[in-house]
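Okay, structure first, notes after.
Read-outs: derived from the displayed coordinates by stated rules, not from any lab. Because the structure is predicted, anything quoted here is derived from the model rather than measured. With ideal geometry, Cβ positions are generated from the backbone for all residues, glycine too; neighbour counts draw on all protein chains shown.
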Amino acid sequence: MTATSMDLSLNQSGTAMPDGWVKAGFPSTVNDLKQSIKFVKRLVAIGFSQILYLRTEIPADCFKPHQIGNLSLCMLKAKSSSNGANTLTIGLKNAMDALDHGYLRQLIIFYFG
């Protein structure tokens, strides 16, 4: 992959982190546990939200547009008009709290809508 279309910054381990990811809330470097947890939490939240947006019948107004580099994604809002979406958001926040405290070793997301 070439760096012609992306602004890349090298972290301390020598791997490139796309600038668009940093602007989207990802850490600019991932070289300790705290930064790694932040990266994983952000990635899970975005992936979870995008799957819900594409695969469920949760109303579109429960999501907000989110740009990561060249990707246009949708993030689940913290509070929305859908009780189901709010329940999923609370569950994800609880999982992220467990990750912060070191209680979470594995996350399996099941959704039957």
### Query
What list do you get for ILE108, ILE51 if you sort them by fewest beta carbons within 10 Å?
ILE108, ILE51
### Task
Compute the semi-axes of the equivalent ellipsoid of region 8-100, taking the square root of 5 times each eigenvalue of the Cα gyration tensor, and list them largest first in whole Å.
27, 16, 8
### Eligible lysines near LYS77 by straight Cα distance, threshold 17 Å, same-chain separation 8 or greater
LYS41, LYS64, LYS93
### Query
If eta is 0.692 mPa s and T is 37 °C, what Stokes-Einstein diffusion coefficient results for region 14-53, Kirkwood Rh from Cα pairs, in µm²/s?
306
### Message
Between ILE51 and ARG105, what's the calculated FRET efficiency when r is the beta-carbon distance and R0 is 25 Å? Round to 0.05.
### Response
0.70
### Message
With the crude spin-label approximation of a point 7 Å out along Cα→Cβ, what separation in nm comes out for LYS64 versus THR87?
### Response
2.4
### Query
What does the charge add up to near LYS41, with Lys and Arg as +1, Asp and Glu as -1, over the other residues with Cβ less than 13 Å from its Cβ?
+2
